[in-house]
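Read the figures in this text as sums done on the coordinates, not as results from a lab. Here the structure is a predicted model, which means the values were calculated and not measured. Using ideal geometry, Cβ is built from the backbone for each residue, glycine included, and neighbour counts are taken over all protein chains shown.
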Amino acid sequence: MTTTSKVALITGASRGIGATIARRLARDDFAVAINYASNAAEADALVAELAQAGASAIAVQADVSRAEQVHAMFATVEEKLGKIDVLVNNAGILKTAPLAQTSNELYAQNFAINTQGVFNTLREAGTRLNDGGRIINLSSTTLALNLPGYAIYNGTKAAVEAFTRVFAKELRGRRITVNAVAPGPVATDLFLNGKTEEQIETFAKMPPLERLGQPEDIAGVVAFLAGKDGAWVNGQVLRANGGVA
Ligand code: NAP
């Protein structure tokens, strides 16, 4: 299925923000690789939807926290679609708990997926991304809010922002930009699960624009950074959050 379109790999694209980014980049004429961890049915349904609309799309299973699976994922995408131009590090989990009540397992799981997962794909991208490519990492506005319960999650995303700034410089000479997008609350499973209606309403009222973000709000920013108009933005963290912080 190797295509003449540019190739984008989006991690965690079976649902939520990642799925919407995949839809948007497909619309912008990228061939898209939809990574997922366990949700094959939703990833396959998205591939079918995009194929129906005339796009090139494949689903590729890999747990981003596992370096060998990430290595194999890059090989699969290269073989099926061609060398990767755009990497979107979107896969992530949010499991909040007060720091003093965080188990070793919860700490390790958060860092394995949100931080080591990004490290694993960045390391592959460093040698395998096409020159002139784009890397976009998902951070979070929670880093600026400092809400109780978010210490570990914020720690995972602070590391991602640090990787973003340094990696942009390490890729000198390759014409590859590395940026992060830091959303505020977005109406997906990750944000909504486990919250009461009242808590959701409180978050929705926080930004001066007085609503929750929608996945499309974030996909538009990612598409900007992946596209022609974003070419001069490099090593930056762009908050997309309706003005909450
Ligand atoms: P979501 O709806 O929970 O979707 C998470 C996606 O990540 C799914 O496709 C899931 O795949 C995948 N995933 C989870 N663990 C994975 C792993 N180990 N390997 C590969 N894929 C994995 O989450 P979301 O709200 O769209 O969040 C996407 C990103 O935005 C995350 O990095 C999150 O931290 C960030 N973010 C979200 C918000 C928000 O309010 N929603 C705010 C700020 C930042 P399966 O379907 O196979 O499980």
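Candidate cross-link partners of Lys95 among the lysines, defined by an alpha-carbon separation under 18 Å and a same-chain spacing of 8 or more, comprise Lys157, Lys195.
Using the empirical formula 2.2 N^0.38 Å as the baseline, the Cα radius of gyration of region 1-114 reaches a ratio of 1.14.
Kirkwood's formula applied to the C-alpha pairs of region 181-235 gives a hydrodynamic radius of 12.7 angstrom.
Every Cα-Cα pair in region 128-245 was counted, and those over 19 Å apart are 50% of them. A straight Cα-to-Cα reach below 20 Å connects Lys205 with the aspartates and glutamates Asp189, Glu197, Glu216, Asp217, residues fewer than 8 places away in its own chain not being considered.
Think of each Lys and Arg Cβ as +1 and each Asp and Glu Cβ as -1; about the Cα centre, that makes the dipole of region 164-236 roughly 700 debye. Relative contact order of the chain: what whole-number percent is it, with Cα pairs under 8 angstrom and at least 6 residues apart? Relative contact order here is 20 percent. The distance from the alpha carbon centre of region 44-121 to that of region 187-245 is 20 Å, rounded to a whole number. Just so you know, the averaged projected area of the alpha carbon convex hull for the chain sits at 12.7 nm².
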